[in-house]
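The values are calculated or read from the model by the stated rules, or taken from the named source; none is laboratory data. No experiment lies behind these values; they were computed from the predicted model shown. Neighbour counts are summed over all protein chains in view; Cβ atoms, including those assigned to glycine, are modelled from backbone coordinates with ideal geometry. What goes into the accessible areas is simple: the full protein's heavy atoms, side chains included, and nothing from ligands, DNA or RNA. Shrake-Rupley method; radii C 1.70, N 1.55, O 1.52, S 1.80 Å.
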Amino acid sequence: MVRIASTQPRKQRKYRYNAPLHARGRFLNAPLSKELREQYSRRNVRVVTGDTVRVIRGDFAGDEGIVDMVDLETSRIIVHGVASTRADGTEVPRPVDASNVCIVKLNLKDKRREEKLEAKK
């Protein structure tokens, strides 16, 4: 959970629901795999589009895919290959909470992100 001043669950939920978009990025941290954790000396990092993740909880546990979209409004991510089938047979992407995935491979196209990870070593 993100550092929130109050210890009351009611106020913590209220903060998350009413948080501005620039603060919602903090809710999208996901744990790193053991190899990445040793490499970067960090436990978790913010999920971005292009990261490869493994779902570790829920109906799709064990599935791996690339993050197609990060939704700040709902604090969910869309993973390629994680989809529900409707009654008419169409596939609909299933949003996943960032805390329920493990980052297996990082998207390091952003130089600032790479520098920030390297600085922590």
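What the table shows:
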| quantity | calculated |
| --- | --- |
| Any chance Val67 is in contact with a Ser or Thr (Cβ under 6 Å, 6 or more places away or on another chain), over 27 Å from Lys109 (Cβ atoms) and not charged (D, E, K, R) | no |
| Residue tally, condition touching a residue at least 12 places away in the same chain (Cβ under 8 Å) and either touching a Ser or Thr at 6+ places or on another chain (Cβ under 6 Å) or among the aliphatic types (A, V, I, L, M) (or both), over region 10-23 | 1 |
| Pick from region 71-100, criterion among the β-branched types (Val, Ile, Thr) and touching an Asp or Glu at 6+ places or on another chain (Cβ under 9 Å), ranking: surrounded by the fewest Cβ atoms within 10 Å (Cβ to Cβ) | Thr85 |
| Verdict on Glu115 being over 15 Å from the mean Cα position of the chain (by Cα), open to solvent by 80 Å² or more (accessible area, probe 1.4 Å) and closer than 22 Å to His22 by Cβ | yes |
| Subset of region 1-29 (residues that are more than 20 Å from Val67 (Cα to Cα) and of a type in the set (Lys, Arg)) | Arg3, Arg10, Lys11, Arg13, Lys14, Arg16 |
